[in-house]
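What follows is one structure encoded as C-alpha cells, with my remarks underneath.
The values are calculated or read from the model by the stated rules, or taken from the named source; none is laboratory data. Here the structure is a predicted model, which is why all the values come from computation and not from measurement. Here the Cβ positions follow ideal geometry from the backbone for every residue, glycine too, while neighbour counts run over all protein chains shown. Protein only, heavy atoms only, side chains kept; ligands, DNA and RNA dropped before computing areas. Shrake-Rupley method; radii C 1.70, N 1.55, O 1.52, S 1.80 Å.
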Amino acid sequence: MLALSSIFLPLALCLLVVQLVRLQFKRRLYPPGPTPLPFIGCLWNPKYFHFNRELLSEMSKVYGNIFTLWFGPYPVIILQGYQAVKDGLTTHPENVSGRPQLAFFKELAKNKGILLSTGLTWKQQRRFSMATLKTLGMGRSALEYQIQEEAESLVDVFRKSEGKPMNPNFVLNLSVSNVICALVFGHRFSIEDETFHHLLEAIENIFSVSDNIASNLYNVFPRIMQHIPGCHQKAFSSRDFVQSFIREEIKKHQEAEHQGKDQDFIDCYLAEMEKTKNQPQSPYDEKNMVQCVFDLFLGGTDTSGTTLYWALLYMAFYSDIQAKVQQEIDTVLPPGHSICYEDRKKLPYTNAVVHEIQRFSNIIWIGMPRFCIRDTKIQNFLVRKGSTFFPNMSSALYDANEWETPLTFNPNHFLDKDGNFTCPEAFIPFSLGHRACLGENLAKTEIFLFFSKLLQMFHFHLAEGSKDIKLEPVLGATMKPHDFDICASPR
C-alpha cells in the first residue's frame, strides 16, 4: 500500500504540473486576468463564485477593460465599459452573434427558440418572430392603442386602492404582460386569474437562478448538478410549467374555428408550420414554437414590469422630480388628454426621467453571454472562434467616462443646456448588434405610456412601513428593488 502511494503521489503531482504549464501557455491566447489553476480555473478564490458588477469593476482596474476569467477549464472574456462593449458588439457584429451552449442554457432551452439558441436556429426563429410581430402591429398605432387601454386599466387598479398602501409589483407585471399576451396568445389576463399568478411565480423562479451560483456550478459540473436538488431544479420545473401552459394555448388555437386567420403569434406560427410541413428539416416545428412563445412571454413580462417598479420607487424617493414631471404634463397636455407616444417630443423632461429610470435601475444583471462564430478582433485583442464573452451592459450605463454623475439619479444626463431631450450613445439598455432586444420599440412605448399616465393621474409616496427601504437591488437575472408598499393619491 505504501509502495503504491509512493508511486501515485509523484505521478499525480507530475500530472498537475504538466496541466499547470499547459494552462499557462493557453492563457496567452486570451486577454489578461487572474491566474487559473488546472481543473478549477479561477474558482480557487471564493469571490469568483459571486460573479457580480462590483467584482468586474474592481477587476477592470487591475486588468483593463477586456479581461478573462476561467470557470473550471472554460475561459470567459469580459468586456467592461461602454467603449469595450460597443467595439465588441458592433465592429464585426456577425462574428459575435452566437450564443454559447452553456450546460444550463442547453438544459433550459435545448437550442430552440430565440433567446438562448444559436446558429441557423436562432437566425430563422428571430427573423420569423420579428416579421410576425410587425405584421401583428408592433410599432404601429393599433398596438399603441392597446397599451393605452392597459394603462387605463392600471389606473383603475390604483384608483380602487383609494390611496391605501399597496405593493404595485404584480399589477405592473400584469399590465405589461397583457400587451405581449394579446400579441402572442390573442387574449389578456384579468387581475384575479390564478393561472397568471402561477405563471408570474414561475418566471420569477427562472430569472432568479439564471445568473447565480447554482447556474454557474451547473455550467461547470452539469453531470453532478443534475442530480443535486436546488434552485436550478426549481427553474427547470418552472420552465416545464410555463411550457405546459403554452402547449395548452397552442392546442386551443388548433381546435378553434378561427385557426389560420393570423390573429396572433401562435396562429401565424401554426400557419408557417403548415406551409413548410413538406420541406425536409423545416425549422418551424412545435418545439421551436413553444420556445419562441416562451421567450416572448418572459421577455415581454419581466423587464418592462421591473423597470416600472423601479420608476415608482424613484418617484417616491425623489418627490421633487415627480413634481417636475407632473408640472410638465399638466402644462403641455390638456386635462384628461390620453397620452400617446408621440407626446414624448413635447415632454422633454418626462422623457429624460423615463430614460434615466432605465439607465439608473440598470435592471440587466450583467448581460447575456455571446459566442464568437469566427475569429474577430476586439480593440487590440484577437478573440478566437469558439470563445465565450460577456459584454457587461451594466458597466456601459454606469461608465464614469460617459455619464456626469453615473451613480446618482440625474435626469439631466438626457437634457442639453437648453432643456431639450438628448440621448447619449452610451444609453444601451437593450444591447447592441445582431442580438439586440427584439422588443426594444415595444418596451420603450410601454414604459413611456404607463409611466406618464400614472404620474398624470396620481401622486406617489412610500407607505409608512416602506420608508426605510434602500435603493440597492435584489440580485438576479433582472435586478429588482426590495419589495415595497406605495400609496397612490389621486391628483
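Some observations on this one:
- Of all residues in region 73-87, those that are in contact with a Phe, Trp or Tyr (Cβ under 7 Å, 6 or more places away or on another chain) and open to solvent by less than 30 Å² (accessible area, probe 1.4 Å) total 5.
- Top-ranked residue of region 178-193 - restricted to ones that are hydrophobic (A, V, I, L, M, F, W, C) and in a loop (DSSP other than H, G, I, E, B), ranked as surrounded by the fewest Cβ atoms within 10 Å (Cβ to Cβ): 191
- Test: residue in region 141-150 that is closer than 30 Å to residue 281 by Cα, modelled with pLDDT under 95 and either in contact with a helix residue (DSSP H, G or I) (Cβ under 6 Å, 6 or more places away or on another chain) or surrounded by 14 or more Cβ atoms within 10 Å (Cβ to Cβ) (or both): no
- Residues located in region 335-379, provided they are in contact with a Pro (Cβ under 8 Å, 6 or more places away or on another chain) and more than 30 Å from residue 52 (Cβ to Cβ): 349
- Selection of region 194-211 for residues being open to solvent by less than 50 Å² (accessible area, probe 1.4 Å) and part of a helix (DSSP H, G or I) yields 196, 199, 200, 202, 203, 205, 206, 207, 209.
- When the test is whether a residue is open to solvent by less than 30 Å² (accessible area, probe 1.4 Å) and in a helix (DSSP H, G or I), residue 108 passes it.
- Annotation for region 30-48: no member residue is crowded, with 17+ Cβ neighbours inside 10 Å, touching a strand residue (DSSP E or B) at 6+ places or on another chain (Cβ under 8 Å) and more than 29 Å from residue 477 (Cα to Cα).
- Candidate set: region 49-61, residues that are assigned to a helix (DSSP H, G or I) and open to solvent by 40 Å² or more (accessible area, probe 1.4 Å); chosen: the one farthest from residue 216 (Cα to Cα): 61
- Residue pairs whose Cβ atoms lie under 6 Å apart, sitting 6 or more positions apart in sequence or on different chains, and linking a residue in region 36-61 that is over 24 Å from residue 81 (Cα atoms) to a partner that is in a strand (DSSP E or B), are 41/70; 41/71; 44/37.
- Matching residues, region 125-139, being open to solvent by 40 Å² or more (accessible area, probe 1.4 Å), out of contact with any Leu (no Cβ under 7 Å at 6 or more places or on another chain) and in a helix (DSSP H, G or I): 127, 131, 134, 135
- Scanning region 160-177 for residues that are assigned to a helix (DSSP H, G or I) and within 17 Å of residue 451 (Cβ to Cβ) yields 169, 171, 172, 173, 174, 175, 176, 177.
- Selection count where residues are open to solvent by 30 Å² or more (accessible area, probe 1.4 Å) and in contact (Cβ under 8 Å) with a residue 40 or more places away in the chain, scope region 309-329: 3
- Pairs are defined by a Cβ separation below 8 Å, a sequence spacing of at least 6 or placement on different chains, a first member in region 17-28 that is polar (S, T, N, Q), and a second member that is surrounded by 11 or more Cβ atoms within 10 Å (Cβ to Cβ); the pairs so defined are 19/38; 19/39.
- The set of residues from region 105-138 being modelled with pLDDT under 90 and more than 21 Å from residue 265 (Cβ to Cβ) comprises just one member, 105.
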